[in-house]
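The values are calculated or read from the model by the stated rules, or taken from the named source; none is laboratory data. The model shown is predicted, which means the values in this text are computed figures rather than measured ones. Cβ coordinates were reconstructed from backbone atoms using ideal geometry, including for glycine residues, and neighbour counts include every protein chain displayed. For the accessible areas, the whole protein counts, side chains as well, though only heavy atoms, and no ligand, DNA or RNA atoms are used. Shrake-Rupley method; radii C 1.70, N 1.55, O 1.52, S 1.80 Å.
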Amino acid sequence: EAQVTQNPRYLITVTGKKLTVTCSQNMNHEYMSWYRQDPGLGLRQIYYSMNVEVTDKGDVPEGYKVSRKEKRNFPLILESPSPNQTSLYFCASSVSPGEQYFGPGTRLTVT
Amino acid sequence: SQQGEEDPQALSIQEGENATMNCSYKTSINNLQWYRQNSGRGLVHLILIRSNEREKHSGRLRVTLDTSKKSSSLLITASRAADTASYFCATAGGGCSSASKIIFGSGTRLSIRP
């Protein structure tokens, strides 16, 4: 089954404690992306990757890091989370920027 | 930067009626996509229209694109209770520096009354 998986689905953490949200796709897609969704603001792109070892900033990259060492995986790293990073996070993948398949989301709370 | 602005923000219609949502954007694009999101879940891709296309159909969905006005509309015909969801447009950039960025609109919440 074609899918994008994210882990964990729910996470409560404290300010400053480094965390990683994993994302994996099984469709051999080149393009992968991370978004955050906040009430009233829609989805905002954090980082995207056109292929292995090729990543670029989206609209809200501050406080986040990504890596793309393998085509299927695109982890999101928060080196020092802060409360303003409390949000619902989505990973997505597609052949090219366009018809994206989304993961189920990760609800992050930073206290 | 918010590229897409959607209108209306919320829409409530009777089952069986048609629903129309509009999306406006600011810069040139390669394509425009529409997605559906059921409460708090992942988004589901509905339809993609390229910048050189004017209209596209998929089942009960009809999407139009007017690049001169930088706007798109999504029409859902013969609405059903299961269409209740939030609908988002998203654009993939047309400029060299932003061709790979995707920018979402703020969405339209559609409610279908039985």
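The lysines whose alpha-carbon is closer than 19 Å to the alpha-carbon of residue A:57, local same-chain residues fewer than 8 away aside, are A:65, A:69, A:71, B:101.
Calculated FRET efficiency, residue A:107 and residue A:26, Cβ-Cβ r, R0 25 Å, to nearest 0.05? The calculated FRET efficiency here is 0.60.
Dipole orientation for chain B: of the candidates B:112, B:23, B:44, B:44 has the Cα lying most toward the positive pole (charges on Cβ; Lys, Arg +1; Asp, Glu -1). Couplings 3J(HN,Hα) of region A:84-94, computed from phi: 6, 9, 5, 5, 9, 10, 10, 9, 9, 9, 6 Hz, in residue order, whole Hz [Karplus 6.51 cos²θ - 1.76 cosθ + 1.60, θ = phi - 60°; x for Gly and Pro].
How much length is gained if the chain between residue B:41 and residue B:57 is pulled fully straight, taking 0.36 nm per residue apart and subtracting their Cα-Cα distance, in nm to one decimal? Kindly include the intermediate steps, with their values, before the conclusion.
Numbers: separation 16, 0.36 × 16 = 5.76 nm, distance 2.49 nm.
Net length gain for the segment: 3.3 nm.
Near the amide H of residue B:30, within less than 5 Å, lie the amide hydrogens of B:92, B:93, B:94, all on another chain or at least 5 residues away, with H placed in the peptide plane. Please work out the C-alpha center-to-center distance from region B:51-114 to region A:1-38 and express it in whole Å. Value for the Cα centre distance between the two parts: 25 Å. Here the spin labels are modelled as points 7 Å beyond Cα on the Cα-Cβ line, and at residue A:62 and residue A:9 they lie 3.3 nm apart. Remark: spin-label model distance residue A:73-residue B:27 equals 3.2 nm, labels positioned 7 Å along the Cα→Cβ axis. 3J(HN,Hα) couplings calculated from phi for region A:68-77 with the Karplus curve 6.51 cos²θ - 1.76 cosθ + 1.60 (θ = phi - 60°) are, in sequence order, 9, 8, 10, 5, 7, 10, 8, x, 10, 10 Hz; Gly and Pro show x.
Each of residue B:67 and residue A:17 was given a label point 7 Å from its Cα along the Cα-to-Cβ line. The distance between the two points is 5.0 nm.
Tell me the carbon and sulfur percent of the accessible area for region A:1-104, rounded to whole percent, probe radius 1.4 Å.
Working: 2490 of 4880 Å².
Ligands and nucleic acids excluded, carbon and sulfur reach 51 percent.
Taking the Cα centre of region A:1-107 as origin, sum charge times position over the Cβ atoms of Lys and Arg (+1) and Asp and Glu (-1), and report the length of that vector in debye to the nearest 20.
With only Lys, Arg, Asp and Glu charged at Cβ, the dipole is about 340 debye.
Taking the Cα centre of the protein assembly as shown as reference, the dipole from Cβ charges on Lys and Arg (+1) and Asp and Glu (-1) amounts to some 280 debye.
Two decimals, Cα atoms only, Kirkwood Rh: what is Rg/Rh over the protein assembly as shown? Don't skip to the answer; put the middle values down first.
Values: Rg = 17.3 Å, Rh = 17.8 Å.
Over the Cα atoms of the protein assembly as shown, Rg/Rh equals 0.97.
The value of relative contact order for chain A, using C-alpha pairs under 8 Å at least six residues apart, is 36 percent.
Give the peptides A:34-41, B:31-38 in descending order of average Cβ contacts within 10 Å, highest first. The partial results should precede the final answer.
Details: A:34-41: 17.4, B:31-38: 22.0.
Averaged packing, sorted descending, gives the order B:31-38, A:34-41.
From the P(r) of region A:1-94, can you give the percent of Cα pairs sitting at distances over 23 Å? If you can, show how the numbers build up before the last one.
On the way: 839 of 4371 pairs.
So the portion of pairs separated by more than 23 Å is 19 percent.
Between the amide H of residue B:85 and those of B:110, distances stay under 5 Å, these residues lying 5 or more places away or on another chain, with hydrogens modeled in the peptide plane. Excluding same-chain neighbours fewer than eight residues apart, the aspartates and glutamates reachable from residue A:17 by a Cα-Cα span under 16 Å are A:79. In order along region B:56-68, the Karplus-derived 3J(HN,Hα) couplings, from 6.51 cos²θ - 1.76 cosθ + 1.60 at θ = phi - 60°, round to 8, 10, 8, x, 8, 9, 9, 10, 10, 9, 10, 6, 5 Hz, and Gly and Pro are given as x.
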